[in-house]
1. Could you tell me which residue of the range 161-174 is nearest to residue 204 (Cα to Cα), considering only residues that are open to solvent by 10 Å² or more (accessible area, probe 1.4 Å) and of a type in the set (A, V, I, L, M, F, W, C)?
2. Residue by residue through the range 63-85, note down the ones that are open to solvent by 60 Å² or more (accessible area, probe 1.4 Å), touching a residue at least 40 places away in the same chain (Cβ under 8 Å) and over 17 Å from residue 116 (Cα atoms).
3. Among what's in the range 99-127 and is in a loop (DSSP other than H, G, I, E, B) and either open to solvent by 50 Å² or more (accessible area, probe 1.4 Å) or touching a Pro at 6+ places or on another chain (Cβ under 9 Å) (or both), pick the residue that is nearest to residue 85 (Cα to Cα).
4. Search the range 121-135 for residues that are modelled with pLDDT of 95 or more and pair each with any residue that is open to solvent by 100 Å² or more (accessible area, probe 1.4 Å) when their beta-carbon atoms are under 6 Å apart and the residues are at least 6 apart or on different chains.
5. Suppose we filter 199, 187 for residues that are of a type in the set (A, V, I, L, M, F, W, C), touching a Gly at 6+ places or on another chain (Cβ under 9 Å) and either surrounded by fewer than 17 Cβ atoms within 10 Å (Cβ to Cβ) or in a loop (DSSP other than H, G, I, E, B) (or both); which single one remains?
6. Please determine, by comparing only the residues of the range 208-224 that are under 17 Å from residue 171 (Cβ atoms) and open to solvent by 30 Å² or more (accessible area, probe 1.4 Å), which one is nearest to the chain's Cα centre (by Cα).
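The values are calculated or read from the model by the stated rules, or taken from the named source; none is laboratory data. Nothing here was measured: the structure is a model prediction, and the numbers come from that model. All Cβ positions, glycine included, derive from the backbone under ideal geometry; neighbour counts span all protein chains shown. These area figures cover heavy atoms from the full protein model, side chains too; ligands, DNA and RNA do not enter into them. Shrake-Rupley method; radii C 1.70, N 1.55, O 1.52, S 1.80 Å.
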Amino acid sequence: MTRIVSITAVVLALTLPSAGSAQPVSANFLYKLSSTTGVIPFHGLSVVFDSYHDETLVVGEGRVRLFNRTGMEVYAFGDDAALGSIVAAAPVEDGDFILLSYFDTGPALVRANFRGELKERIEPSGLPPEVPLPFLPNGLGYAQGRIYLADLGGMRVVILGMDGKFQAFHDLAVVCGVADKRADNGLKGFRVAPNGDVLFTIQALFKAYVLAPDGTLRAFGVRGSAPGKFNIISGIARDERGYYYVSDILKSAVLVFDKDFRWVKEFGYRGPKPGNIVAPVDIAAGDGKVFVSQFARKGVSVFEVKVLDAP
C-alpha cells in the first residue's frame, strides 16, 4: 500500500459567504435525549450521529450511551477495564464501534461490538518522523475504512487503516498558516464527514474549515455578533444535504450554512422555552435532525431541520 505523507501544500481558500440567496430552512425543536426517568442532564459531552443505524451516541465521562431515533436511551457501556476510559467513539458500517480510550499506559484504539464488548486493540504502525511522539489524540473520526485520530490542541490529524497502518498525516497548523501560533489556536470542533472531509473550527480565528481528502482546504466565517457571524464558535457538522452547522457558545445559537457557505439561518438562543439552548458545545447532524450538546447540564437538544421552497 502506498503511504500518503503529510500534505504541506494545499489550496487555501478563505471563503466568505458567497453572494446570492441560499435556500431557506426551518428548525423546529423535537425533544431532548432522555431515559425512562426523564431528560438526561448531560454537561458538555460529545455527540455523534450513527448514520448506519440511525442512532445517536453521547460520549463522555468514560462511557458511551446510545439513543434510538425517538431520543430514548437504549443501551450504554463503559466502566470496563478492558475498554479503558473512553474519550471518543466512532460507529462503523457493521455495527461495531472504534473507541479512543485512555489506559494507565496511555491512549489506545479499541474495537468493540454493538454491545460494547472488546473485540480487538488496533495498534498504530508505520508512523513517519513527521508525526511528533508521543502522539496523544483526543479526537476521533471514521470514514470509508479509515480511522482519523486528532490531537486537537496540537492541530494534528493522523489517518490509519482499520489494521492500524499509517495512511496520511495532516498538520493543520501548517495548512492553516498558523504553525508559529499553534499553542494559541488549537482545534475546537472536529468532525469527519462520510466522504472523508475533515471539518474543524478554530475558535481564536473565528473560522470553520473543510479539508478535502485531496488536501484542498476551504474556510468560511466572519467575526461579529450580527446574524450569520461567528463569535465564540465550537462544534461543526454537515448533514446529508450538504448543510453545515456551527455552534456558537456565546450566542447560544446554531448557525446554518448551505454547501456554498452561504449563511441560511440561526436558531436556539437563551431562554426558558424548550427550543432554547445554552452554551452549545458540540453538534451532530443526520437524517434531517441536528443534535446540540450544551453546557449548564442542559443535555442534548434535538431539532428537525427542513429545507423550504424558496420564496
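1. Looking at residues that are open to solvent by 10 Å² or more (accessible area, probe 1.4 Å) and of a type in the set (A, V, I, L, M, F, W, C), I get 174.
2. The one that is open to solvent by 60 Å² or more (accessible area, probe 1.4 Å), touching a residue at least 40 places away in the same chain (Cβ under 8 Å) and over 17 Å from residue 116 (Cα atoms): 69.
3. Once the filter is applied, the top-ranked residue is 104.
4. 125/165; 126/165
5. 187 is the lone residue from the list that is of a type in the set (A, V, I, L, M, F, W, C), touching a Gly at 6+ places or on another chain (Cβ under 9 Å) and either surrounded by fewer than 17 Cβ atoms within 10 Å (Cβ to Cβ) or in a loop (DSSP other than H, G, I, E, B) (or both).
6. Step by step, filter the range 208-224, then rank; the result is 213.
For every residue, the table says whether it meets (1) crowded, with 22+ Cβ neighbours inside 10 Å; (2) hydroxyl-bearing (Ser, Thr, Tyr).
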site	(1), (2)
226	no, no
236	yes, no
241	no, no
247	yes, yes
251	yes, no
266	no, no
269	no, yes
294	yes, no
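Quick grid of which residues meet (1) at pLDDT 95 or above; (2) in a loop (DSSP other than H, G, I, E, B); (3) farther than 25 Å from residue 144 by Cα:
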| position | (1), (2), (3) |
| --- | --- |
| 234 | yes, no, yes |
| 245 | yes, no, no |
| 251 | yes, yes, yes |
| 284 | yes, no, no |
| 291 | yes, no, no |
| 309 | no, yes, yes |
